[in-house]
1. How many residues are out of contact with any strand residue (DSSP E or B) (no Cβ under 9 Å at 6 or more places or on another chain) and either crowded, with 17+ Cβ neighbours inside 10 Å or not in a strand (DSSP E or B) (or both) when one looks only at region 63-99?
2. Go over the candidates LEU39, LEU127, LEU123 one by one and state the one that is under 16 Å from LEU15 (Cβ atoms) and either assigned to a loop (DSSP other than H, G, I, E, B) or in contact with a Gly (Cβ under 8 Å, 6 or more places away or on another chain) (or both).
3. Taking the stated definitions as given, is VAL71 within 12 Å of the chain's Cα centre (by Cα), under 21 Å from LEU127 (Cα atoms) and free of Cβ contacts under 8 Å to residues at least 40 places away in the same chain?
4. Evaluate region 31-42: report whether one residue or more is modelled with pLDDT under 90 and either surrounded by fewer than 16 Cβ atoms within 10 Å (Cβ to Cβ) or in contact with a Phe, Trp or Tyr (Cβ under 6 Å, 6 or more places away or on another chain) (or both).
5. If a residue has to be on the phi > 0 side of the Ramachandran plot and of a type in the set (D, E, K, R) to count, how many in region 1-52 make the cut?
Amino acid sequence: MFSALTTPEALVQWLPPKGMRGQFERFDMRDGGSYRLVLTYDDGSGAPGKTSSDSDVGEVRIARIIPGERVVQEVEFESGDPAFQGTMRMEWSLHSDSEGTTVEFEAREVPEGIRARDHAEGLTSSLSNLAAYLEP
């Protein structure tokens, strides 16, 4: 389960929300490591990207990894629009119990240009993708 949060092969399968696809330009998942992820809209006409008309590029620093439990990331979007600039802190946590594993996600300091509704829809889509990826 934890490998779904830490390997590029898994992340590229489930992290891009519906209507997007992802590609890593660089990937170094460890404390102090980083990765660069390009998310491209399947149809950019109705949802302009943060970086270009059809893409969002994120430079992600790995702030902390607790194997089997937590991944803390600091995300900066490449954008000429000040509303999308700044560092968003994302934390993925796993909690196991008798019924399986609960995935918790928290985002702090989300750039003001990302509307709460859009962010919630994107995260819900990614979590649904994760469930589909993990379930046989």
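The values are calculated or read from the model by the stated rules, or taken from the named source; none is laboratory data. All figures in this text were calculated on a predicted structure; none of them were measured in a lab. No Cβ is skipped: glycine too gets one built from the backbone with ideal geometry, and neighbour counts run over all protein chains shown.
1. Adding up the residues that qualify gives 7.
2. LEU39
3. Against the criterion (within 12 Å of the chain's Cα centre (by Cα), under 21 Å from LEU127 (Cα atoms) and free of Cβ contacts under 8 Å to residues at least 40 places away in the same chain), VAL71 does not qualify.
4. The answer is yes; a qualifying residue exists.
5. Qualifying residue count, region 1-52: 0.
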